[in-house]
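What follows is one structure encoded as structure tokens, with my remarks underneath.
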């Protein structure tokens with residue numbers, strides 16, 4: 001083959017041109033892809049930055065919301081504590097109003113409904129008082145002190161005199177109670193609860209004539225007597241010093257003698273009320289000194305022999321309540337106070 005100097009053969013030239021074109025095309029494609037890659041990379045970085053910014057903003061918003069919520073919670077706690085404090089203040093004021101003795105007075109109209117629910121009890125060696133109760137499981141009963149009925153008549157009974165509500169010195173009925181069936185809620189208190197029974201009574205003059213038969217006099221049936229005391233609210237377990245007190249019973253200082261033509265002489269203790277206040281709370285009957293749960297009361301209201309076993313009432317803003325049973329007298333050097341057995345001690349079941 002002969003080679004001609006200075007000239008490139010046409011086929012070779014074509015090959016060179018094609019190769020250069022291919023390389024040029026490839027280079028262009030590579031540059032274009034690189035440019036696209038850079039653009040895509042920047043786009044993704046921007047999106048990542050935007051997402052990061054969004055996450056940061058969301059986190060900050062959540063943190064702010066959490067702080068706001070915590071502030072609200074603290075505010076609600078403070079308001080709740082303030083509300084509790086205000087409620088306690090209101091409750092204290094209400095309690096003070098409920099037990100404020102200087103604003104309370106036991107009036108005659110307060111007592112009127114209950115007076116003839118207190119009866120006189122006569123036993124062999126003396127007299128006392130009692131109150132009428134209609135209690136579930138016990139029926140029509142008389143509640144009094146145990147020491148009042150310790151010495152009954154030979155029959156084992158004591159006599160109960162119920163009074164006329166319009167003339168409390170007169171009887172509307174004469175009944176029996178049997179000490180053989182006496183009951184009490186516990187053995188720590190001086191009380192007796194006995195069933196009320198009908199008594200046949202015949203009174204005759206000194207010649208055995210002009211007899212009065214209870215059946216002819218139509219004394220009031222037992223079920224028709226006044227048992228209103230038994231539905232009165234019991235006072236709170238610890239009534240405050242200074243609370244008002246009314247004692248209802250048949251004290252010896254209200255005793256009167258009388259003369260009945262053809263029947264001879266007799267005597268009667270008049271149904272009497274005396275008013276005062278709670279002077280002191282006797283905690284010596286409760287632990288650690290005693291076995292009862294609640295204090296008994298010293299009262300300034302007059303109490304005498306004959307009052308024992310009657311009823312002591314007090315009063316709150318809600319009205320009258322049963323305080324307890326007059327039982328003893330505390331004698332000092334110059335003064336005396338009556339002692340009331342707390343009704344909650346009386347009716348505490350062991």
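Any residue in the range 335-346 that is assigned to a loop (DSSP other than H, G, I, E, B) and touching a residue at least 60 places away in the same chain (Cβ under 8 Å)?
Residues of the range 335-346 assigned to a loop (DSSP other than H, G, I, E, B): 335.
Remaining after also requiring touching a residue at least 60 places away in the same chain (Cβ under 8 Å): none.
No, the conditions are met nowhere in the range 335-346.
Could you list all residues from the range 271-298 that are in contact (Cβ under 8 Å) with a residue 60 or more places away in the chain and under 20 Å from the mean Cα position of the chain (by Cα)?
Hit for the range 271-298 is 292, nothing else.
When only residues in the range 236-272 that are part of a strand (DSSP E or B) and surrounded by 19 or more Cβ atoms within 10 Å (Cβ to Cβ) count, which is modelled with the lowest pLDDT?
Here is the first cut: in the range 236-272, the ones part of a strand (DSSP E or B) are 244-249, 255-260, 264-269, 272.
Still in the running and surrounded by 19 or more Cβ atoms within 10 Å (Cβ to Cβ): 244-249, 269, 272.
Numbers: 244: 97, 245: 97, 246: 97, 247: 97, 248: 96, 249: 95, 269: 76, 272: 93.
Of everything passing the filter in the range 236-272, 269 is modelled with the lowest pLDDT.
Tell me, which strands (runs of 3 or more DSSP E) lie completely within the range 131-219 with 1 or more residues that are buried (at least 18 other Cβ atoms within 10 Å of the Cβ), out of contact with any helix residue (DSSP H, G or I) (no Cβ under 7 Å at 6 or more places or on another chain) and modelled with pLDDT under 85? Spell out how you get there, then give the answer.
Numbers: elements: 139-144, 157-164, 167-178, 192-198.
Qualifying strands (runs of 3 or more DSSP E): 167-178.
The values are calculated or read from the model by the stated rules, or taken from the named source; none is laboratory data. It should be emphasised that the depicted structure is a prediction, and the values quoted were computed from it without experimental measurement. Heads up, the Cβs are rebuilt from the backbone with ideal geometry, glycines too, and the neighbour counts pull from every protein chain shown.
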